[in-house]
Amino acid sequence: MNGEPAMKTIMYCAAAVLLGVQAVAVAQGMKVGDEFPLLVNGPGGGYQGTPACAFGQGIYLVVWREGWHGKGGSARICATRVSAEGKVLDAGGIQIAPAAGGVQERPRVAFGAGVFVVVWQELRNGRDYDVVASAISPEGKLLWTAPVVVAGGPRNQVLPDVASNGSSFLIVWQGLSGEETAYRGYAAVVSGEGKVGPAVETGITPQPRVAWNGTAYLAAGGGAGFWQGSVYAVRLGENGAPLGKPVEVIKGTKAAVFSLSGVPGRGWLVVSHRSPPDPWGWGGPGAMRAVLVNADGRPENTDGVKEPAGVKEQLPGWLDMGREKTKGSTWPWGASASAFDGKRSVVVWQRHHLCGEKMTNFTNCDLIAARVDGYRSLDVTGIPVAASEAEETCPALASDGAGGLLAVYEKGQGDGRTAIMARVLRTE
Amino acid sequence: MRCILFATMLLGYAVGFGAEPPAEPDDMPLIIPDPSAGEWLVDRFAGNSTAGPTFLQGPAREAGGLGRCGACPLPDGRVLIPFGGGVAEVDTEGTLRLVAPVNPLNGTTAQVTANVMAYNPKDGCVYLAVGHGLGRLIERNDGPWKVEIAAGKADHAGFDDGALKDARFTRIDSIVINGRGEIYVLDYNQRIRRIADGQVVTLNASVRSAGLVDGPLEKAAFRMIGLGGNLCGGEDDDTLYLSDHWNFVVRRIDLKNKTVSTVAGMPKPKESQPAKQSAREKRYNRNSDGPALTWASFNSGCAYVCWDPVNKALWCGGPDENRFRWLKDGQILTVIGAKGAEKWPKDALGVPAESVRLVWNAVAAVDSQGRAYLCASSDPHGLWRAYRKSAQGR
């Protein structure tokens, strides 16, 4: 095991050397800064997870779950500001809503109207979740007198996301009401002062995400079934109402998870994995697929929804690929994150090493990055962002819009514990 | 008409109406409903088909992210769910919470998810695979449950027998615990190993793809290489059943007499060309119901077994099943999904069992009331629970 990091470095270098020109891109395209923790010895006892981050007024705000969120837990949403250079400004962390009971999970954050709005799901009564939001200033001050409930009631209201058009915030989530058995997607406008508008149905669920690209909102969602794991997207008005019917932007796969970000002047970028390895031989190839959704809300590249039959080679929109099921092979799968750096998009995704009897199990996940022009990777082999022998997963990304980015992620600490780590990235 | 007549006679025979088994005809239906099939209902138990792959707690039927998971019913009515993100608990109020962040499927083939955790009535603990070792869950009320190693070492693979701390396991695929607290595991889909009295002992000798030989356990041969088989308990503390995957059969292991017998799955036809096969031979490698050793078969091998202590039947099936079948009184019969519909209400309660359609499925566990916990890869969103109308569903 001790030789594994060195072996990985050799593998990445060998790949870069073999690809000649790409080696220059790896060296010059993006600088990856040193890893640093966001909160050491926090109140959560070493259980930190699901980070998110946003940039505004010269600083990044990172939010995450601090503490055990399962039975008997009391996880809270914690935040810290990080300077553009990567200095943690709130070393003790800021508890966004130190409520008395229940657990808080899955925070998301956006900047607009001079404030950061943080939204999360909260199992306040120990039985079902509500969607709750709060705000924090760039100076690190909690702004609202108390968190506001965006969506409550006796059924689950979960998986919120938030984006801002600069003057207000749009929060999306999935929820159940009455005697329904199927989740629906909703949106509501929240002002910088904490006033919540009426909920409107978006048609986007599950796992709704929302992004502002400078002129319009796009919501994306999907991943509900084995055969129906497609990602759909629809443009939303500034009140959250859909401006049409959802369009399939990435074809189905098992357990689709995806990321979404705005691409000013061009649309939005959706990134999602393809197929997992399968011991029966059906799975593959694996890929991390990028699709540029244009201003009309339609995919600009169609390789996300229409692949050549029996595809075996990397398609233009594939940022990464896994095909071989042999010792030393890797496979992209799972969470990703993207942000616009002022010139083009940057994507960070999970790449697993394979193990097991048939080399179809995942072990030791790394995080890989690439600059993306539209939907095409400029760093074809990928640039390692976090590639230690620990599990590095669940990336989040924010950009200052001028080539600087902050990548945050979970890093396994053993015994089920994880820590939130960060690195500053700089693109050329 | 002849087939229907035979099936009717067969059903009559299965429930004890016929004094003599009928003479075998030239053909019979692939699907033969169990006499109890009309009595069964299916509830969504945990998970929701619209929730998505992100793990969500809360009301169990609104939970997300369980994927294909297992089940471990506890005597107090709670049910533990081993899934890719850890171990979750559904309490008696129907609330699902994460209790342990360890992945209990990581050490298994994760293909079947039946019998991946087991409750030990002697020490009140739940056992599961942890890396290469056998772990024991330690319940807590103020944080994640702990897992302590009960045998082997999590980070050391091997097949060494011996004292608990010296023994080594490679990949524990199934865990069975009998009323005496003896633990039996299927290790790396090859070896049946007994853990009792502080010792680990391997019971079978021919462990690789060695054919189909019944008789003394130490000389019995199985064809288990590759994708998973599955081990479960039986009608008493001295009986195990094994889904002998690539022999397409169910094997019964008599621990008291140390013998192995084949109890379900027709033999592989001598004639391999379909055009020359008889109607009976064509049933091989299909989800065929009927007399267990002559007309019944499994599609793509026999992947799981799960004993039902109330109905005194053995749920069993191949990896490519879309019905749930059991072995009872020498017959393999369909209990759930005889008329499976593509658009059945997957998240509802009280669904007539015949309309259920779950593909690539398995019975993950059966509780002390005879309720079967159903999982499937076609709808990787948790569990369903099947029960007879006379039993208490939730």
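The values are calculated or read from the model by the stated rules, or taken from the named source; none is laboratory data. Small disclaimer: the values here were computed from a predicted structure and weren't measured. Reconstructed Cβ throughout: ideal geometry from the backbone, glycine too, with neighbour counts over all protein chains shown. The protein model used for the area step is the full one, side chains on, heavy atoms only, and it has no ligands, DNA or RNA in it. Shrake-Rupley method; radii C 1.70, N 1.55, O 1.52, S 1.80 Å.
Annotations for the structure displayed:
- Taken about its Cα centre, chain A carries a charge dipole of roughly 320 debye when the Cβ of each Lys and Arg holds +1 and the Cβ of each Asp and Glu holds -1.
- With all protein chains kept in place, the per residue accessible area of chain A amounts to 37 square angstrom at a probe of 1.4 angstrom.
- Rg and Dmax [Cα atoms of region A:45-201; Å; Rg one decimal, Dmax integer]: 15.0, 51
- For region A:163-289, the relative contact order comes to 18 percent (Cα pairs under 8 Å, sequence separation of at least 6).
- Inter-site label distance for B:Lys146 and B:Arg78 at 7 Å from Cα along Cβ, in nm: 1.7
- Largest accessible area first, the residues A:Leu236, A:Leu378 order themselves as A:Leu378, A:Leu236 under a 1.4 Å probe with ligands, DNA and RNA left out.
- Cβ-derived FRET efficiency at R0 22 Å, A:Leu378 paired with A:Thr302, nearest 0.05: 0.60
- Each peptide in B:322-330, B:359-367 receives the mean, over its residues, of other Cβ atoms within 10 Å, and ordering these scores from highest gives B:359-367, B:322-330.
- What region B:266-343 shows is 39 Å² of accessible area per residue, with the surface traced by a 1.4 Å probe over protein heavy atoms.
- When the Cα positions of A:Gly73, A:Val162, A:Thr50 are compared along the charge dipole of region A:45-201, A:Gly73 comes out farthest toward the positive end, with charges on each C-beta of Lys, Arg, Asp and Glu.
- Peptide B:376-383 has a mean shielding of 2, counted as Cβ atoms of other protein chains within 10 Å of each residue's Cβ.
- Burial ranking of peptide ranges A:397-408, A:353-364 (average Cβ count within 10 Å, highest at the top): A:397-408, A:353-364
- Coil-residue trypsin sites (Lys or Arg not before Pro) of region B:192-285, DSSP, other Cβ within 10 Å capped at 13: B:Arg208, B:Lys256, B:Lys270
- Heavy-atom surface analysis with a 1.4 Å probe gives region A:204-428 a carbon and sulfur content of 50 percent of its accessible area.
- Heavy atoms of chains A and B lose about 3300 Å² of accessible surface on contact, summed over both sides with a 1.4 Å probe.
- Drop in accessible area of at least 40 Å² in the complex versus isolated chain, residues of region A:178-201, 1.4 Å probe: A:Thr181, A:Tyr183
- For region A:204-428, relative contact order (Cα pairs under 8 Å, six or more residues apart, normalised by length) works out to 13 percent.
- Restricted to Cα atoms, region B:187-299 shows a radius of gyration and a Dmax of 15.1, 56 angstrom.
- Region A:245-327: GluC sites (Glu not before Pro) in DSSP coil with no more than 12 other Cβ atoms inside 10 Å: A:Glu313
- Sorted peptide list for B:379-387, B:335-343, criterion being average Cβ within 10 angstrom, highest first: B:379-387, B:335-343
- Positive end of the dipole of the protein assembly as shown (Cβ unit charges, origin at the Cα centre): among B:Val249, B:Val351, A:Thr302, the Cα lying farthest that way belongs to A:Thr302.
- Exercise: per-residue mean of other protein chain Cβ atoms within 10 Å, B:42-53: 6
- For chain B, relative contact order (Cα pairs under 8 Å, six or more residues apart, normalised by length) works out to 16 percent.
- Folded to 0 to 90 degrees: helix A:4-18 orientation relative to chain A principal axis, Cα: 70
- Given charges at beta-carbon only (K, R positive; D, E negative), |dipole| of region A:204-428 in Debye: 340
- Computed per residue of chain A from DSSP H runs no shorter than four, each worth -39500 (n - 2.57), the mean residue ellipticity at 222 nm is -1500 deg cm²/dmol.
- Region B:136-210 and region B:266-325 have Cα centres spaced 30 Å apart.
- Annotation for B:Ala163 and A:Lys312: the two label points, set 7 Å from Cα along the Cα-Cβ direction, are 5.5 nm apart.
- Largest to smallest accessible area among B:Lys268, A:Lys327, B:Lys312 [probe 1.4 Å]: A:Lys327, B:Lys268, B:Lys312
- Inter-site label distance for B:Lys122 and B:Lys219 at 7 Å from Cα along Cβ, in nm: 3.1
- Unsatisfied cross-links (Cα-Cα over 31 Å) in the set A:Lys254/B:Lys312; B:Lys146/B:Lys256; A:Lys358/B:Lys312; A:Lys411/B:Lys153: A:Lys254/B:Lys312; B:Lys146/B:Lys256; A:Lys358/B:Lys312
- 1.4 Å probe accessible area per residue over region B:12-157, in Å²: 34
- Interface residues, region A:62-93 - accessible area loss of 50 Å² or more versus chain alone, probe 1.4 Å: A:Trp68, A:Lys71
- Inter-chain neighbour count for B:55-68: the average number of beta-carbon atoms from partner chains within 10 Å of each residue's beta-carbon is 6.
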